[in-house]
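Peer 1: This is the structure I have questions about; it appears just below.
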Amino acid sequence: MASEGTYYVPEQSKLPILASLGLFLTVFGAASWLNGNDSGPTVFFCGGVLFAYVLWVWFSTVISENMAGLNDAQLKRSYVWGMGWFIFSEVMFFAAFFGALWYVRNLALPWLGGEGDGAATNEFLWKGFENTWPLMTTPDMAVNGDAARVTGPEQSMSFSQVDSIWTWLPFWNTVILLTSSVTVHFAHTALKNAKRSAFNSWLGLTVLLGIIFLVLQVWEYIHAYNDLGLTLQSGIYGTTFFMLTGFHGAHVTLGTFMLLVMFLRSVLKGHFKHDDCFGFESASWYWHFVDVVWVGLFIFIYILG
Amino acid sequence: MAHGPATGLSRWMFTTNHKDIGTMYLWFSFAMFLLGGVFALVIRAELFEPGLQIVEPNFFNQMTTMHGLIMVFGAVMPAFVGLANWMIPMMIGAPDMALPRMNNWSFWILPFAFAMLTATLFMEGGAPNFGWTFYAPLSTTYAPPSVTFFIFAVHIMGASSIMGSINIIATILNMRAPGMTLMKMPLFVWTWLITAYLLIAVMPVLAGVVTMMLMDIHFGTSFFDAAGGGDPVLFQHIFWFFGHPEVYIMILPAFGVVSAIIPTFARKPLFGYASMVYATASIAFLSFIVWAHHMFTVGMPLAGELFFMYATMLIAVPTGVKVFNWVTTMFKGAMTFETPMLFSIAFVILFTIGGFSGLMLAIAPADFQYHDTYFVVAHFHYVLVPGAIFSITAAVYYWLPKWCGNMYNETMGKTHFWLAFLGLNLTFFPMHFVGLAGMPRRIPDYSLQFADFNMIASCGAFLFGAAQILFLFNVIATIRGGKKATAEVWENPEGLEWTVASPAPYHTFSVPPDVK
C-alpha cells in the first residue's frame, strides 16, 4: 500500500480537450472525405497530426512524471488496470467480427442455401445457390450469372487450397508471430534481471519480426488482389477475410510501433528499470494479445477456412 | 494536491477534478435531455391528430431517430457518468478518479461527438432517419449520406464510454479507502462497477457493427447484403448483442441511486444488501444472453425463440429480488416524502410496470402481436423515463445540497415531481392501449380510432416537458442561493459523502478516511 495522501492527482491540463479536438477533426475529416467533400482529406490529416502530437506530449508528460517520482505504487496499479481493460475491450471488438464470421458460416449461408427455415428463401430469392465455404459463388452469381453485382473470389486463402504447409505463407506468419511472443518475453526476463543489452537485443528482434510479419501480410494481400481475384468486394468470403486479417494487421502495426517506441526509449534514453517498466510491459501485453488473435485467425480463417 | 479551482473558463476546459468533470457531464446531459425532448415534442405535436400536419414523414423519421440517439447516448448515459464522477470518489474515500486527465478527455469527446451528430440535421439529405436501432439495410443501402458522420460520432462516443468505464473500474478496484471492502461499498458504487464492465464488453461490439456498416456503404463489403452471402439479420444480432446490455447500462446505476435514497427516507438500512449485489451481477450476466428477444419476428429457428424467451423471463427473478428489497426497506419505516423519495417511490412502482410489460413482450408468441407497435414504445419508455430519468432526477435532488451547499426549494421540487409524474403517465400509459390495438411505431400518421389516446399522450408530453423547466429553474436557484445545507443534509444518511462539508470541498479525502 502507498503511504497516505500520495496519490498523484495532476493539475489542470490542456491535453484532454486538445486530444478531443484532434480526434474530432480526424473523424470529421474522414467522414467528409468518404462523402466526397474536397476539404475532407485536409481536415483529416490536420486532425490526425494534431491528435498524434497531443498523444506524443501526453505520453512524454506521463513518462517524465514517473521519472520525477510522482507515481506511487497505487497509481501504477491504476495504469495496470487501465491497460488490462483496454485490451479486454479490444478482445470484444474482435469478438464482433469473429461472431459475424461464425454466424455467416453456420447460419446465414446454410439458410440462403435452403437448409432448415431457409427453404423458401432459397426457392424464391436465391434459387440455385449452394452453401459452400470458402464461398466462391455468391447468391447473386447463382441467380444472375454474369450480370451479378457481387461476385466471389477466383481462389481462396484456405488451407484446403494448398499443396504443402511448408510453402504456405500463413503458416510462416504464424511461426513468426509466435516466435515474436517468445522473444518479447525473453526481453522482459532480461529487463527483470537488469541485463540492458540482452533486453535491447530481444526487443529489437521482436520489432524486426513484427515488421517481417507485416511485410509478408502486405505481400499476401498483393498476391490476393493480383493473382487470386480475392478482394474486399469478393462477397462475404472476401469481406470476412480482409476485415479480420486487416484489423489484425492494423493492431500488429500499432503493436510494432509501440514496441519500437519502447526499443528507442531504451536504446536512446536508457528508460526502464528492472522494477519500473510499465510502458514496456503494457506494450508487451498488447503484443501477446495480437498474437492470440492471430492464432484465432489462423485456425478459423486459414486452417478451417 | 493543493491546486484549487482555476478561474474562468479554463477551470472547466482543462480540469482534472472529478467534481468539475461530474458537473460538466450533468449539465451536458441536461442540455441533451432538452434537445432530445424537443425532438420528442415534434413527434408528439405531429401525432396530436391523425393526418400529416406539421412535418414531412422523412423529417418525422429523423426526429424519432435523433430523439432516441440523443436520449440514450447524450442524456441518460452521460448523466450517470456525471453522477459516478461526483459520487464514487466521495463514496469510497478516494482523492479523485484514478486517471484524472483521461477522465476529462472522456467528457470532452462528447460535445464534439454530439455537435457532429446534431449537425447531420443540416446536411444534404437530412439527419439519420432509420431509427435509433439503425437496422441494415435502412442504415446502409437506403441511408442518407449523413450516415457516415453518424457512424464516426458513434465511434468516438464509444471511445469516450470505454475510457470512462476503465476509469471507473480502476477507481473502484484500486482507490478505496483502507477498510472499504467490496461488500461495504454503497450499492451505487457496486452497480456502477458492474455497469462499467458491461460498457467495456459491449461498446467495442457497437464500434464493430458501425464499422461493418461503414465498410458496406463505402468499400463494397457484403456483411449485411445477402447477394454477397451476408445477412441483414446479422446486423440485428450484433446490434442487439450491444443493445440489450446497453439497456441495463441505463438502468443498473439507477438501481444504485434508488438503493441509496430509499433507506435514507425510510430511516432503515437497505434490506438485503448482499442479495442486491448478487441480483445486479445476475442481471448483468443475463443481459448477454437475451438479445434476440428484440428480434422474435425476424425469422429465427424455434429453438432460438424458446431459448431467448426463457432466458429473458429469468431476468424477472433478480429484478424481483430488487423490487422486493426496496419495498421491504420501506416496510415499517419512518417514512417521509421529500422530493428525492417521491421520485424514488415512483421509480419502484412505474419501473415495475415497465418490467411487467417487458415480461409480456418476452413471451415470443405474444410478441408477434406486439412487435413494432406502440406497446413496445410504452414498455421501454416506462423503464427509461420513470426508471433512468426519474432516478437521475432523484439523485440530483438528493445530492444537490452536498454539491452546492444549499437546500433546493422543496415545494417547487414536489411540484416538479407531481407534474412530471402526471405528464409521463398521461403520455405513456395510453400507448399501451393503442399499441395493443395495433398502432405501429415510427409512423407519422395513424387511423382514426387511435385519435383520442394520441391526443392525451401529446398533452401529457408537453406537460412533462414543461415540468422540466421547473426543474432547471429550481436547480439554478439552489446553486445561486437558498437555505444552507448541513454536512449531513438529511437525517442520518449512510455513506462517506455525508461526512464531508456541504458544499463538498474541491478536494475530498486527499488523506483516506478510516472505514470501520
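Peer 1: Taking the conditions exactly as written (at pLDDT below 95 and over 30 Å from A:TYR7 (Cβ atoms)), does A:GLY99 satisfy them or not?
Peer 2: Considered against the rule, which asks whether it is at pLDDT below 95 and over 30 Å from A:TYR7 (Cβ atoms), A:GLY99 comes out as no.
Peer 1: Just to check your reading of the model, which residue among A:TRP85, A:TRP58 is modelled with pLDDT of 95 or more, within 10 Å of chain B (Cβ to nearest Cβ) and under 21 Å from the mean Cα position of the chain (by Cα)?
Peer 2: Of the residues listed, the single one that is modelled with pLDDT of 95 or more, within 10 Å of chain B (Cβ to nearest Cβ) and under 21 Å from the mean Cα position of the chain (by Cα) is A:TRP85.
Peer 1: Please enumerate the residues belonging to the range B:207-229 that are in contact with an Asp or Glu (Cβ under 8 Å, 6 or more places away or on another chain) and touching a residue at least 12 places away in the same chain (Cβ under 8 Å).
Peer 2: Of the range B:207-229, the ones in contact with an Asp or Glu (Cβ under 8 Å, 6 or more places away or on another chain) are B:216, B:222-225, B:227-228.
Residues satisfying the conditions are B:ASP216, B:PHE223, B:PHE224, B:ASP225.
Peer 1: Further question: Please work out which residue is surrounded by the most Cβ atoms within 10 Å (Cβ to Cβ), limiting yourself to the range A:142-158 and to residues that are within 11 Å of another protein chain (Cβ to nearest Cβ) and either small (Gly, Ala, Ser) or free of Cβ contacts under 8 Å to residues at least 24 places away in the same chain (or both).
Peer 2: A:GLY152
Peer 1: Please work out which one of (1) at pLDDT below 95; (2) within 7 Å of chain B (Cβ to nearest Cβ) is the condition A:VAL27 fails and give its number.
Peer 2: Unmet for A:VAL27, out of (1) at pLDDT below 95; (2) within 7 Å of chain B (Cβ to nearest Cβ): (1).
Peer 1: Any chance you could count how many residues in the range B:278-303 are on the phi < 0 side of the Ramachandran plot and surrounded by fewer than 19 Cβ atoms within 10 Å (Cβ to Cβ)?
Peer 2: Residues flagged as on the phi < 0 side of the Ramachandran plot and surrounded by fewer than 19 Cβ atoms within 10 Å (Cβ to Cβ) within the range B:278-303 amount to 11.
Peer 1: In the range B:41-60, how many residues are closer than 21 Å to B:GLN468 by Cα and assigned to a loop (DSSP other than H, G, I, E, B)?
Peer 2: Looking only at that region, the number is 1.
Peer 1: Among the listed residues A:VAL80, A:VAL57, A:VAL43, A:VAL62, identify the single one that is surrounded by fewer than 21 Cβ atoms within 10 Å (Cβ to Cβ) and assigned by TED's automatic domain parsing to the domain that holds A:CYS277.
Peer 2: Only one candidate qualifies: A:VAL80.
Peer 1: How many of the residues making up the range B:454-481 are closer than 14 Å to B:GLY413 by Cα, surrounded by 17 or more Cβ atoms within 10 Å (Cβ to Cβ) and more than 23 Å from the chain's Cα centre (by Cα)?
Peer 2: 1
Peer 1: For B:VAL154, only one of the following conditions fails: (1) farther than 27 Å from A:LEU75 by Cβ; (2) β-branched (Val, Ile, Thr); (3) within 9 Å of chain A (Cβ to nearest Cβ). What is its number?
Peer 2: (3)
Peer 1: Take B:THR195 and tell me if it is within 14 Å of chain A (Cβ to nearest Cβ), under 17 Å from B:PHE285 (Cβ atoms) and in a helix (DSSP H, G or I).
Peer 2: The answer is yes for B:THR195.
Peer 1: Within the group B:LEU110, B:LEU117, which residue is part of a helix (DSSP H, G or I), facing another protein chain (nearest Cβ under 9 Å), touching a residue at least 12 places away in the same chain (Cβ under 8 Å) and under 19 Å from B:MET203 (Cβ atoms)?
Peer 2: B:LEU110
Peer 1: Mind checking whether some residue in the range A:41-52 is of a type in the set (Gly, Ala, Ser) and at the interface with another protein chain (Cβ under 8 Å from one of its Cβ atoms)?
Peer 2: no
Peer 1: Tell me, yes or no, whether the range A:12-20 has at least one residue that is crowded, with 17+ Cβ neighbours inside 10 Å and more than 10 Å from chain B (Cβ to nearest Cβ).
Peer 2: no
Peer 1: Let me ask something else. Tell me which of these A:VAL104 doesn't satisfy, since it passes every other one: (1) facing chain B (nearest Cβ under 7 Å); (2) in contact (Cβ under 8 Å) with a residue 24 or more places away in the chain; (3) in contact with a Phe, Trp or Tyr (Cβ under 8 Å, 6 or more places away or on another chain).
Peer 2: (3)
Peer 1: So A:SER282 clears everything in (1) of a type in the set (Gly, Ala, Ser); (2) at pLDDT below 95; (3) not in a loop (DSSP other than H, G, I, E, B) except one condition, right? Which one?
Peer 2: (2)
Peer 1: In the range B:141-162, what residues are aliphatic (A, V, I, L, M) and in a helix (DSSP H, G or I)?
Peer 2: Passing the criteria: B:VAL147, B:ILE151, B:ALA153, B:VAL154, B:ILE156, B:MET157, B:ALA159, B:ILE162.
Peer 1: Would you check which residues across the range B:465-506 are in contact with a Phe, Trp or Tyr (Cβ under 8 Å, 6 or more places away or on another chain), part of a helix (DSSP H, G or I) and under 29 Å from B:GLY423 (Cα atoms) and list them?
Peer 2: The answer is B:GLN468, B:LEU472, B:ASN474, B:VAL475, B:ALA477, B:THR478.
Peer 1: How many residues does the range A:179-195 hold that are surrounded by fewer than 15 Cβ atoms within 10 Å (Cβ to Cβ) and in a helix (DSSP H, G or I)?
Peer 2: 3
Peer 1: Taking B:MET213, is it of a type outside the set (S, T, N, Q) and assigned to a helix (DSSP H, G or I)?
Peer 2: Working: of a type outside the set (S, T, N, Q): yes; assigned to a helix (DSSP H, G or I): yes.
Yes.
Peer 1: Let me spell it out: the conditions are (1) at the interface with chain B (Cβ under 7 Å from one of its Cβ atoms); (2) within 17 Å of B:TRP105 (Cβ to Cβ); (3) of a type in the set (S, T, N, Q), and A:GLN74 meets all of them except one. Which number is the exception?
Peer 2: Just one mismatch for A:GLN74, condition (2).
The values are calculated or read from the model by the stated rules, or taken from the named source; none is laboratory data. Because the structure is predicted, anything quoted here is derived from the model rather than measured. A quick note on method: Cβ atoms are made from the backbone with ideal geometry, for glycine too, and the neighbour counts reach across all protein chains shown.
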